[in-house]
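This report refers to the structure that appears directly beneath it.
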Amino acid sequence: LTGAIGAGKSTVATMLVECGAVLVDADLVAREVVAPGGPAYQPMIDRFGAGIVDDEGNIDRPRVAELVFGHPEALADLNAITHPAIGVEMIQRKDRYAGTDEIVVMDIPLLKDIHREMLALDAVIVVDAPTEMAPDRLVAQRGMTEADARARISSQMDRMTRLAGADLVIDNSGDESHLRTEVDRVWADLVALRNRHRELGGGPPAVD
């Protein structure tokens, strides 16, 4: 499950869980791997220094963002520490449901081709909404300034490229009732995909 910032991906994820999906959230995993005792915690301190640790012993994520923003080498180092740890954990969580009938939805905001291969995904679901709707949603729902919202949107993959990689699309350009209808339609597709896997003996699908 993926989509541009402000497209409504988190809302869709919640609805899919209500339908019966098991959710593996990449953002949650990213926080857990840098928590005290997590696989990326000490490597982060070793690379960026003790100044990234707050008074409670946790990694100060905004402080890390300040250190890597505009510094490609630092950002590359951050990704080299965190991405492998996140990938391993995502695979392990997906594999817990191998051989079951569960439909596992992996919520990955910044989906790349390597994720589809690494996680052996059966389908990519894109939550889509007109780009011009996103700034208003981010301002209203997340308290961002319009300038910040537009900057974040412009830094992401463009809409047409994201849609080109989709197997299933959920249109979130309308109201909640419209979105619910879209989610129900895609859920039916996922159930049908699961049933085909079951018939072929391939186990349940993993989708993103």
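On the accessible surface of the chain, probed at 1.4 Å, how many percent belong to carbon and sulfur atoms? The nonpolar share, carbon plus sulfur, comes to 52 percent. Can you give the longest run of the chain that contains no trypsin sites (Lys or Arg not before Pro) sitting in a DSSP loop with at most 13 other Cβ atoms inside 10 Å? Value returned for the longest uninterrupted segment is 113-208. Within the chain, antiparallel bridges make up roughly 5 percent of the DSSP beta bridges whose residues both belong there. The amide H of Val24, built 1.01 Å from its N in the peptide plane, has Val105, Met106, Asp107 as neighbours under 5 Å, considering only residues 5 or more places off or on other chains.
Dividing the mean sequence gap of close Cα pairs (under 8 Å, 6+ apart) by how many residues the range 1-119 holds gives a relative contact order of 43 percent.
Along its first, second and third principal axes, ordered by size, the range 96-191 spans 47, 32, 25 Å in Cα coordinates. Each Cα pair under 8 Å and six or more residues apart adds its separation to the average, and for the range 29-80 the resulting relative contact order is 24 percent. Note on Glu132 and Ala50: the model spin-label points, each 7 Å out from Cα along the C-beta direction, lie 5.4 nm apart. A straight chain from Ile114 to Arg150 at 0.36 nm per residue would run longer than the Cα-Cα distance by 10.3 nm. Find the relative contact order for the chain and round it to a whole percent, using C-alpha pairs within less than 8 Å whose residues are 6+ positions apart. Rounded, it is 33 percent for the chain. Taking 0.36 nm per residue of separation and subtracting the Cα-Cα distance, full extension of the segment from Asp184 to Leu23 would add 56.3 nm. Take the chain and mark each of the chymotrypsin sites (Phe, Trp or Tyr not before Pro) that is in a DSSP loop with at most 16 other Cβ atoms within 10 Å; the longest unmarked stretch, sites excluded, is 98-208. Computed with a 1.4 Å probe over protein heavy atoms only, the accessible surface of the range 15-116 comes to 57 Å² per residue.
Taking the Cα atoms of the chain, the ratio Rg/Rh between the radius of gyration and the Kirkwood radius comes to 0.99. According to the square roots a ≥ b ≥ c of the eigenvalues of the Cα gyration tensor, what is the shape class of the range 61-146, taking rounded for a/c under 1.5, prolate for a/b larger than b/c otherwise, and oblate for the remainder? Here the range 61-146 falls in the oblate category.
The values are calculated or read from the model by the stated rules, or taken from the named source; none is laboratory data. As the structure is a computational prediction, the values presented were derived from the model and not from experiment. Using ideal geometry, Cβ is built from the backbone for each residue, glycine included, and neighbour counts are taken over all protein chains shown. Just the protein is used for accessible areas: all its heavy atoms, side chains included, with ligands, DNA and RNA removed. Shrake-Rupley method; radii C 1.70, N 1.55, O 1.52, S 1.80 Å.
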